[in-house]
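This report refers to the structure that appears directly beneath it.
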Amino acid sequence: MISGWLILDKPLDVTSTKLGNIIRRLLGAQKVGHAGTLDPLATGVLPLAIGEATKTIPYCVYRKKSYRFQITWGENRATEDAEGEITKVSSVRPERQEIIAALPQFIGEISQVPPIYSAVKVDGQRSYALARSGQDVVLKSRLVTVYNLSLLSIDSIDQCTLELECGAGTYVRSIARDLAVMLNTCGYVSSLRRTQTGKFTEKDTISLEKVYDIAHNIEQAQSFLPIGAVLDDIPAVPVSEADAVKLRQGMKIQSDLVFNIGETVAVWQDKQLIAMAYYDEHWLYPKRIFNI
């Protein structure tokens with residue numbers, strides 16, 4: 001059974017969850033998860049964890065992400081992307097310098113209200129489900145981090161393309177909506193592509209068609225990245241075979257290495273990832289065991 005990471009170039013008009021289900025059936029995997037949902041109308045870098053790699057998703061999903069997106073001016077849409085119905089129009093079209101002057105106000109730690117058509121939970125239900133059922137949805141603002149936001153091109157009087165580098169939880173649609181408000185006009189995201197998630201870029205991706213090929217020739221496993229591919233910035237601790245056995249049995253082991261109390265480490269025996277563990281007073285306690 002294959003366990004590892006598959007970096008998919010997500011196609012248009014399909015949900016991240018549906019793609020995960022397709023991959024699971026194609027590869028005969030028991031578990032498939034994704035690190036960072038992409039909307040159906042978005043494309044680009046979608047890291048998929050296969051099998052035991054799903055246990056490392058938390059170490060990938062909160063990484064820095066980059067996007068390239070297009071804003072269409074003059075209309076607000078219910079979903080804040082091209083899928084929704086028009087809710088408001090404006091004849092105002094911002095000039096290049098106006099756009100450039102406004103962008104610094106979206107860089108740093110900013111307050112942002114997620115789109116109502118999003119996966120944010122309200123009283124245990126997804127916001128998009130409530131919105132689609134006709135209920136009024138009010139979401140609270142939250143702090144997100146934007147590292148960079150720049151104008152790439154003016155594509156026409158009605159459209160421009162921007163590049164965004166941000167932390168987890170940032171909604172591109174909210175950036176477009178709020179930028180339009182600041183520029184006294186309307187606007188929505190008319191195209192969106194994720195270009196990077198953590199260490200994974202567009203160069204690391206494979207197409208869905210390639211996955212179909214892999215499913216018919218599983219020896220092409222070089223398309224999969226190892227489980228530890230997302231653990232580059234996690235301290236690695238080598239252990240003996242005897243200690244590896246203890247960890248697999250859920251037992252703590254002693255450590256000669258010193259870390260911060262509660263710090264997470266990746267435990268290896270030779271080249272085999274054994275467990276994620278946390279450190280406490282010269283002991284390592286297993287958090288997640290890899291059954292490989």
Provide the per residue accessible area, probe 1.4 Å, for the chain, rounded to a whole number of square angstrom.
51 Å²
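Suppose a student asked you for the relative contact order of the range 55-113, using Cα pairs under 8 Å spaced at least 6 residues apart; what percent would you report?
Working: 27 pairs, mean separation 11.9, N = 59.
Computed over the range 55-113, the figure is 20 percent.
Please give the calculated 222 nm ellipticity per residue for the chain, where each DSSP H segment of at least 4 residues contributes -39500 (n - 2.57) and the sum is spread over every residue; nearest 500 deg cm²/dmol? Each step should come with its number before you reach the end.
On the way: 7 runs with 57 residues, N = 292.
Result for the chain: -5500 deg cm²/dmol, rounded to the nearest 500.
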Run the numbers for ILE107 and ILE261: contour at 0.36 nm per residue of separation, minus the present Cα-Cα distance, in nm.
52.1 nm
How about LYS203: which lysines have a C-alpha closer than 20 Å to its C-alpha, ignoring those fewer than 8 places off in the same chain?
LYS10, LYS64, LYS65
Work out the charge dipole of the chain with +1 on the Cβ of Lys and Arg and -1 on the Cβ of Asp and Glu about the Cα centre, then indicate which of VAL92, GLY134, THR161 is farthest towards its positive end.
GLY134
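Taking the Cα centre as origin and putting +1 on Lys and Arg beta-carbons and -1 on Asp and Glu beta-carbons, what dipole magnitude results for the chain, to the nearest 20 debye?
Working: 32 positive and 33 negative charges, 122 e Å.
Its charge dipole is roughly 580 debye.
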For the range 264-272, in order, what is each residue's ³J(HN,Hα) by Karplus, 6.51 cos²θ - 1.76 cosθ + 1.60 with θ = phi - 60°, in whole Hz (x at glycine and Pro)?
8, 10, 9, 9, 10, 10, 6, 9, 9
Diffing the range 277-292: the Karplus 3J(HN,Hα) column from phi (6.51, -1.76, 1.60, θ = phi - 60°), in whole Hz with x for Gly and Pro, holds 9, 10, 9, 7, 6, 6, 10, 10, 10, x, 9, 9, 9, 9, 8, 10
Distance between modelled label sites at ASP158 and LEU26, nm, 7 Å Cα→Cβ extension
3.5 nm
Short version: ³J(HN,Hα) in whole Hz for each residue of the range 106-123, in order, from phi by Karplus 6.51 cos²θ - 1.76 cosθ + 1.60 (θ = phi - 60°), x for Gly and Pro, what are they?
9, 10, x, 7, 10, 8, 9, 9, x, x, 5, 8, 8, 8, 4, 8, 10, 6
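Computing the accessible area with a 1.4 Å probe over protein heavy atoms, can you report the carbon and sulfur percentage for the range 1-125?
Working: 2830 of 5800 Å².
For the range 1-125, the apolar C and S fraction of the accessible surface comes to 49 percent.
Could you order peptides 126-137, 23-34 by the average number of other Cβ atoms within 10 Å of their residues, highest first? Mind dumping the intermediate values first?
Working: 126-137: 14.0, 23-34: 17.1.
Packing order, densest peptide first, comes out as 23-34, 126-137.
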Considering only THR145, ALA42, ILE22, whose Cα is most displaced toward the positive end of the charge dipole of the range 1-154, charges sitting on Cβ of Lys, Arg (+1) and Asp, Glu (-1)?
ILE22
Once all Cα-Cα distances of the chain are split into 10 Å bins that start at 0, what whole-number percent is in each one?
6, 24, 27, 23, 14, 5, 1, 0
For the range 176-192 and the range 253-286, write down the distance between their C-alpha centroids in whole Å.
47 Å
Can you compute the modelled spin-label distance between SER207 and ALA119, with each label point 7 Å from Cα toward Cβ, in nm?
2.6 nm
Assuming 0.36 nm per residue, please report the length gained on full extension of the stretch LYS88 to GLN272 beyond their Cα-Cα distance.
60.6 nm
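Of the listed pairs LYS18/LYS140; LYS55/LYS287; LYS31/LYS246; LYS31/LYS121, which have alpha-carbon separations greater than 18 Å here? Present the calculation step by step, with values, prior to reporting the outcome.
Numbers: LYS18/LYS140 28 Å; LYS55/LYS287 10 Å; LYS31/LYS246 26 Å; LYS31/LYS121 24 Å.
From the list (LYS18/LYS140; LYS55/LYS287; LYS31/LYS246; LYS31/LYS121), the Cα-Cα distance tops 18 Å for LYS18/LYS140; LYS31/LYS246; LYS31/LYS121.
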Between the range 10-37 and the range 41-57, how many Å separate their Cα centres?
8 Å
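The values are calculated or read from the model by the stated rules, or taken from the named source; none is laboratory data. Because the structure is predicted, anything quoted here is derived from the model rather than measured. Every residue, glycine among them, receives a Cβ derived from its backbone with ideal geometry; neighbour counts consider all protein chains shown. Protein only, heavy atoms only, side chains kept; ligands, DNA and RNA dropped before computing areas. Shrake-Rupley method; radii C 1.70, N 1.55, O 1.52, S 1.80 Å.
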